[in-house]
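The values are calculated or read from the model by the stated rules, or taken from the named source; none is laboratory data. As the structure is a computational prediction, the values presented were derived from the model and not from experiment. We place every Cβ from the backbone using ideal geometry, glycine too, and count neighbours over all the protein chains shown. Accessible surface is based on the protein model in full, side chains and every heavy atom, while ligands, DNA and RNA are left aside. Shrake-Rupley method; radii C 1.70, N 1.55, O 1.52, S 1.80 Å.
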Amino acid sequence: MNVLLKSATIIDTKSDFHNQTVDILIENGVISQISKQIKKTNNIKEVALENLHVSQGWFDSSVSFGEPGYEERETIENGLKTAALSGFTSVALNPNTNPVIDCNPDISFIKNKAEKHAVNLYPIGALTKESKGVDLAELFDMKTAGAVAFGDYQQPIENPNLLKIALQYASNFDGLICSYPQENKISGNGVMNEEVTSTSLGLKGLANMAEDLQIARDLFLLEYTDGKLHIPTISTAKSVELIRAAKQKKLNVSCSVAIHNLVLTDEHLTSFDTNFKVLPPLRTQKDIDGLLEGLKDGTIDMVTSDHNPIDIEHKKIEFDFAKFGTIGLESAFGALNTIFSTKKTIELLTKGKARFGIESKPITIGIKADLSLFNPNKNSNFGVENIKSTSKNSIFLNKTVKGNVYGIISKNKILLNS
C-alpha cells in the first residue's frame, strides 16, 4: 500500500511534527517521508480531505462484538470495520460472548478471525470459567495465546478470596486482572442511578455505594497481594478519590471511564428511552465533575466507548427488562470532542495501550503507519445514518457531536468512510 496524505495536520505531542501541517508519504505501510510538500508519483494513491488531521491510532480498552454466540448483535468482521471507520486502530475485546472466552482455543479463535483486518484486536480472557465467578479460568494458557488481560465483563467478583488468588497468580506472568466495580448485594435489581430522578420515575436505584464499596475492597486486596489491577468503567466521584489515594500509595492500579458517563446525566432517563440504560448507570453532574477532574490529574488512565451492541428484541422493551448497554465506537470521538480540546481528546483516545502491553510510537519517519484520520471541526447531529454497527442502540442518537472521522491507516491497509 502506497499512500500520500496531503496537507495533514499532525496531532501528536510526542512527535517532532506535532501541530505541523505536512504531506505524509506511506510506502508499503511505512512512513517514508514527512515534508511540507511531496510530489505524487504514478504508483501512489493521493488522499486529500477537508481539514485533514492525523494522530497515532486510537485505542479502546473495552468493546464487545457478540461473536461467537451473539452474531445477531455484531460479528467480529463488522465490529472491526465499525472500529476502523470510527478511527480506532486497536481494540480490546471483552469475553461478552456465548460461550464465554475462557480458554486458549477461544483466544486463538478470536485472534484468527481478526488476523487479516486493519484493526488490531486484543482479546480479554474471562477471569473465571464461563464468567460465573466460581473457579479461575486458564489464565496463563490464555496469556500464551494472546490475551492481554483477564476479567468477567460487567460481572463483579463477589468472592474476595478468589480475586486475591487471581492477583497473586497472575503476578507470576505480569497478568493484568480486571475487576468490575459493583457490589451486587448493594446494587440489587437497580436499573438506574439511585437519586432524585430514580425516585420521581419510580425506578429501582443503583447506589453509588455499590461501586465505591467494591473498589475499596479491591484496592485493599491489591495492596495485600502486590498484584496488577485494572478497574474498568468507574462512574462516581468517590471512586476517583479512592483510586487517587491508591496511586499515591504506589499501588499498581489503573482505571477507565466510559465516554457517556462524562457527557450525560441520569436526568436523560425521564423519557424511559432504554438506550440510556447502561452499566454503570448515568450518574449526576457532581459525579461527572469528579470524573473530569480525575482525567485532568491523571487518576483516570483512559477513556472507553464501552461499545456493547444489543439487538432490538432485548432493547426495545419495558425499561426494567431491557438489557444494559450502548454502542459507542461511532460517537466516541465526536462526543469527547464536545467537552475537551482536540489535543486533549486525542490524548485520551491514544492512552492506555501500554497498560495492556501494546506498543505505540510517535509519528515519525521510518515507523509502520498506525494512524487515525479525522476533521476536528463542525458540529453535527449524530443520527442513525452515522451508525456502522449491526445493532443501533446508541445513547448519543440525536445528540450534537463535534468533528467527524475519516478512517484509519493500519497494518498496511487504508479504510475510509465513503
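Some observations on this one:
- Candidates K388, K402 - the one that is farther than 30 Å from D174 by Cβ, open to solvent by 60 Å² or more (accessible area, probe 1.4 Å) and not in a strand (DSSP E or B): K388
- None of L348, L292, L282 is closer than 28 Å to S391 by Cβ, in contact with a helix residue (DSSP H, G or I) (Cβ under 7 Å, 6 or more places away or on another chain) and in a helix (DSSP H, G or I) except L348.
- Single residue of D12, D16 found to be within 22 Å of L329 (Cα to Cα) and in a loop (DSSP other than H, G, I, E, B): D12
- Residues within segment 224-256 that are over 20 Å from I310 (Cα atoms) and outside any helix (DSSP H, G or I), tallied: 17
- Here is the figure for segment 323-353: residues that are within 27 Å of L25 (Cα to Cα), open to solvent by 50 Å² or more (accessible area, probe 1.4 Å) and free of Cβ contacts under 8 Å to residues at least 60 places away in the same chain total 0.
- Some residue of segment 199-214 being buried (at least 22 other Cβ atoms within 10 Å of the Cβ), touching a Pro at 6+ places or on another chain (Cβ under 7 Å) and part of a helix (DSSP H, G or I): yes
- Hey, A258 open to solvent by 40 Å² or more (accessible area, probe 1.4 Å), at pLDDT 95 or above and of a type in the set (G, A, S) or not: no
- Residue count for segment 43-76 satisfying the condition of being at positive phi and surrounded by fewer than 19 Cβ atoms within 10 Å (Cβ to Cβ): 2.
Quick grid of which residues meet (1) in contact with a helix residue (DSSP H, G or I) (Cβ under 7 Å, 6 or more places away or on another chain); (2) over 17 Å from D12 (Cβ atoms):
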residue	(1), (2)
F374	yes, no
K378	no, yes
G383	no, yes
N386	yes, yes
N393	yes, yes
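- Identity of the residue in segment 364-413, aliphatic (A, V, I, L, M) and in contact with a Lys or Arg (Cβ under 8 Å, 6 or more places away or on another chain), that ends up nearest to N308 (Cα to Cα): V384
- Looking only at segment 352-373, and only at residues there that are in a loop (DSSP other than H, G, I, E, B) and of a type in the set (A, V, I, L, M, F, W, C), the one that is farthest from E330 (Cα to Cα): I365
- Residues of segment 168-198 that are farther than 22 Å from A149 by Cα, of a type in the set (S, T, Y) and either surrounded by fewer than 21 Cβ atoms within 10 Å (Cβ to Cβ) or touching a residue at least 40 places away in the same chain (Cβ under 8 Å) (or both): T197, S198.
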